[in-house]
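Before any comments, here is the structure.
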Amino acid sequence: MLAWVIAALSAFALAWSGFGSQIEQQLQNGREILLQKPASGELVLLEIDAKSLREQNKWPWPRSLYAEAVDRLDAEGAAQIAFDIDFSSQSSAAQDAAFAEALSRANATVILPTFLQDASLGSAAQTESLPIPELRKNALIASVNVHPDGDGQVNNYSFGTKTAGMPRPSLPSMLAESSGHIEHSFLIDQSIDQSTIPRISFGDLLANRPLPIDLSGKRVLIGATAIELGDRYPVRRYGVIPGVVIQALAAETLIQNTAVINLGSIPAVLLAGLILLALMRTFKAKKLTGAVIVAGAGLFILLLALEALHLATFSIVPALFLLGLFLTLRKFFHTSMDLKTSRYFNAVSGLPNEASLKEFVADAEDNPIVVLRIMNFGDALAMSDTQSRSQLYQNLSLRLNFLAAGGKVFHMQADTFAWVVKDDYMYDVEGHCQTAAALFQAPFLSGAKNVKLNAVFGISGSSIDTAKVAADHAAAKGLKWSWHNEETDQAIGLRQSLLVDLDAALQNGDISLVHQPKWDLQKDRLAGSEALVRWEHKEHGRVSPELFIPLLEGAGKIDDITKFVLQHTLDDLAGWDRVKPGLNCSINISAQLLNDSKFVQAAIAMVEASELPNTQITFEVTETATLADPDTAVLALERIRETGIKISIDDYGTGQSTLSYLQRLPADEIKIDQSFIRTMADDNANRILVQSTIQMAHALGLKVVAEGIEDQPTMALLKELQCDIGQGWHIAKPATSADFYAAWVVQGQASGASSAQ
Ligand code: C2E
Ligand code: MG
Ligand code: MG
């Protein structure tokens, strides 16, 4: 509606100011070309053209020439002879008399011009220039005054003028013998093709040459068209043309009765405004745009029809401007509304976003904010198509709405949601969080699948950001939910400083590796080691790899540390190999590095560059690494394995994969996760699981490593179950490179622990 009001007001302003008249004229010219018609042929122009002037070789012409012309035209049977030539001053008496006589002889009606002009330059008084009295006697008098429009063009002609109290019909209306209100004007019909008005050269008439046109009964208009005689005016369609041609066009308009009423622009603007209102009630969105365009075209066709039927004309530009401006404004308003929507709403879920939460929090009481992070949301979304994804969002919204207890749920980032705790829960926020965690126990329906969403919650009474920090803290600590407090701030501080300090730590020896022996259970001898990274932070002390490895992975900084571990392992192993040949060292490779072909290439090159056979190195990858993007992972593993480097599937049993899935992976061994091994001596189910896993892995041609052996019975049991390799605190805790060398390579220690952890 606002677009309508602005467009309507602007259209009226445009109509009033006359702005856009250029376009209006172009449109009018276009329509006239479409509706173009020939002259009636009733009116003939007798031109004082360049040829006539040349033949007479003087100007002004003696009036005897006009007398001759009148005689000849009369003889040819012309009905009217009109002069657009000034006879207001005396010439020689003989010439004047000759012309006057010719006028009195003529049977045809002769019309002589009169015109008003300023008495002197700048004077307000006007004088009438009538033909001299002896000529007036035998002729009718018609006014030839032109009345240019505001822009200097002569597009209207008057029916007549009043000069010195005397009404005088205009020359065109007298020629057309049509009546009209004196001092009223009519529009010259410029769709009449001016080139079809029959023309005779005055020279041909004087020279008695045969005339191309039969003049009997015709109205002859005599005037100057030669450029040197001046008397030229601009008109809209034809540009600057001789005044006499304008008189002829005006007379033709009246003869053909095609003068139309000019309604101006206001009725069209009103009509367009009303049509628009009706369309706005009927159509919406894109259909409205189409309808408005059709209405504009309809208005144009109406105008064309009115003009073709010689009923009326109107200025269409302000009306079209109204429609066009309405569409533009509407688009603008919609775009800015969309912008506002995109500023305040999440495009995927349609829920209000973080900007919206900020405004909400600014206005709300100081109730705590709960931030929910869904740790595996990316995976859940990646596994679903568009339809099941929107179903997942719906189901999620439903549960969150329950938690927000009718308040708003905000969707901040892809995997992050938030709400403000309602007053009802204010005194038991922790209970509220327990409910929230419980709600996420049940899986969510996403298409045909059920997905388990792994949610953590952060709560803060002070700000959105600290609630996020608390959620991250909960995630890092493996908690379901966490309040924001000093401890969480410290944890965040630690994580940030770890990221910043990594490069320096690699350089200055804060980062190092330890080796944990891998024991060949069947042959009862050392098989090799697993290299594990350690970080002795200057400020924070020893930092667990379980904290900083995921952190570096998340920040995309895991490749440098992995290359560091690989290089040191290769160096250590080269030293050991001279003493005890054939040991195999494992290093851990993060999932995302399998997608990084530059890393894979560099790692292979490092192994190739060492003098050891490639088969003495094992890359451990977790099975979840291969699940996220199996095709890329399989390709990378194949590339690695082709070089002879062994592949081990770490933490086997913690993921979703089955042994038949493993069959498709290019692997040499599986490492059964510690959670099964540590409990298998007491837990019968786990024991059976380990046993069958060993059997099936062997059937698939895979070696089996058991990690997390913490006691002798477990070790004995594994040996009995034909497990190939064992690793665990019972054999030894990880030791520094030097300790490992001394205790395991040189001495060939059988079991017992070295204490470096
Ligand atoms: P992982 O690869 O499964 O490594 C085995 C982890 O189990 C090591 O912990 C090891 O010290 C521990 N462990 C060994 N025997 C026993 C046992 O008998 N009982 C118990 N309770 N634990 C035992 P660590 O060194 O803290 O490493 C933890 C995880 O950090 C590793 O799990 C691995 O996923 C990652 N990690 C360690 N070093 C690196 C590395 O250089 N690169 C990458 N990408 N990840 C690494
Ligand atoms: Mg490992
Ligand atoms: Mg493991």
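Quick notes on this structure:
- Modelled label positions at S89 and S463, each set 7 Å beyond Cα in the direction of Cβ, lie 9.4 nm from each other.
- Length-normalised contact order of the chain in % [C-alpha pairs under 8 Å, at least 6 apart]: 8
- Net lengthening on full extension, D338/Q747 (0.36 nm per residue, minus Cα-Cα): 139.8 nm
- Dipole magnitude of the chain about its Cα centre (Cβ charges: Lys, Arg +1; Asp, Glu -1), debye to nearest 20: 1820
- In terms of distances greater than 27 angstrom between alpha carbons, the cross-link table entries K358/K480; K408/K480; K340/K452; K452/K598 yield K340/K452; K452/K598.
- Dimensionless Rg over Rh [region 189-248; C-alpha; Kirkwood]: 0.99
- Packing-based exposure ordering (other Cβ within 10 Å, fewest first) of M680, M1, M280, M337: M1, M337, M280, M680
- Long-range Cα-Cα pairs in the chain (distance over 40 Å), rounded percent: 62
- Exceeding the 25 Å Cα-Cα cut-off - candidates K518/K538; K449/K671; K51/K162; K523/K733: K518/K538; K449/K671; K51/K162
- Sorted by Cβ density within 10 Å, fewest first, the residues L271, L392: L271, L392
- Region 661-721-region 93-161 distance, computed between alpha-carbon centres (Å): 123
- 0 to 90° range, to nearest 10: angle between helix 545-554 axis and the chain longest Cα axis: 20
- For region 435-501 versus region 6-28, the inter-centroid distance based on Cα atoms is 62 Å.
- Computed from the Cβ-Cβ distance with R0 of 45 Å, the FRET efficiency linking N376 to V579 stands at 0.45.
- Net +/- balance of residues flanking A636 in space, Cβ distance below 13 Å, scoring K and R +1, D and E -1: -2
- One chain, two ends: L689 and K51. Fully extended at 0.36 nm per residue, the span grows by 217.7 nm beyond their Cα-Cα distance.
- Taking a point 7 Å from the Cα of W16 along the Cα-to-Cβ direction, the residues of region 289-322 with backbone N closer than 17 Å to it are 318-319, 322.
- Neighbour counting of Cβ atoms within 10 Å sorts the residues T736, T161, fewest neighbours leading, into T736, T161.
- Distance from the Cα centroid of region 364-402 to that of region 531-575 is 34 Å (rounded to whole angstrom).
- Kirkwood-based shape ratio for region 222-359, expressed as Rg/Rh from alpha carbons: 1.30
- In this simple spin-label approximation, M606 and S390 carry label points 7 Å from Cα along the Cα→Cβ vector, and these lie 4.8 nm apart.
- Counted residue by residue at 0.36 nm each, then reduced by the alpha carbon distance between them, the extension gain from H540 to Q722 reaches 61.2 nm.
- Extreme residue, positive dipole direction of region 216-276, given options A268, Q247, G223 (C-beta unit charges): A268
- Here the contact order of region 349-466, divided by its residue count and restricted to Cα pairs under 8 Å and six or more residues apart, works out to 41 percent.
- Dmax and Rg, reported as Rg then Dmax, of region 307-428 (C-alpha, Å): 23.7, 85
- Taking the longest Cα principal axis of the chain as reference, the axis of helix 266-282 is set at about 30 degrees.
- Relative intensity, log₁₀ I(q)/I(0), of region 541-654 from a Debye sum that treats every alpha carbon as a point, q = 0.11, 0.15, 0.17, 0.24 Å⁻¹: -0.36, -0.66, -0.84, -1.47
- Tail weight of P(r) past 16 Å, computed on alpha-carbon pairs of region 153-217, percent: 63
- Cα-centred dipole magnitude for region 85-191, charges only on beta-carbon of K, R (+1) and D, E (-1), debye, nearest 20: 340
- In the chain, the longest principal axis of the Cα atoms and the axis of helix 630-642 are about 50 degrees apart.
- Region 456-551: C-alpha gyration tensor shape, a/c 1.5 cut-off, then a/b vs b/c: oblate
A short reminder: the numbers here are calculations on the coordinates, not readings from a lab. Quick caveat: nothing in here was measured; it's all calculated off a predicted structure. In this analysis, Cβ positions are derived from the backbone assuming ideal geometry, glycine residues included, and neighbour counts consider all displayed protein chains.
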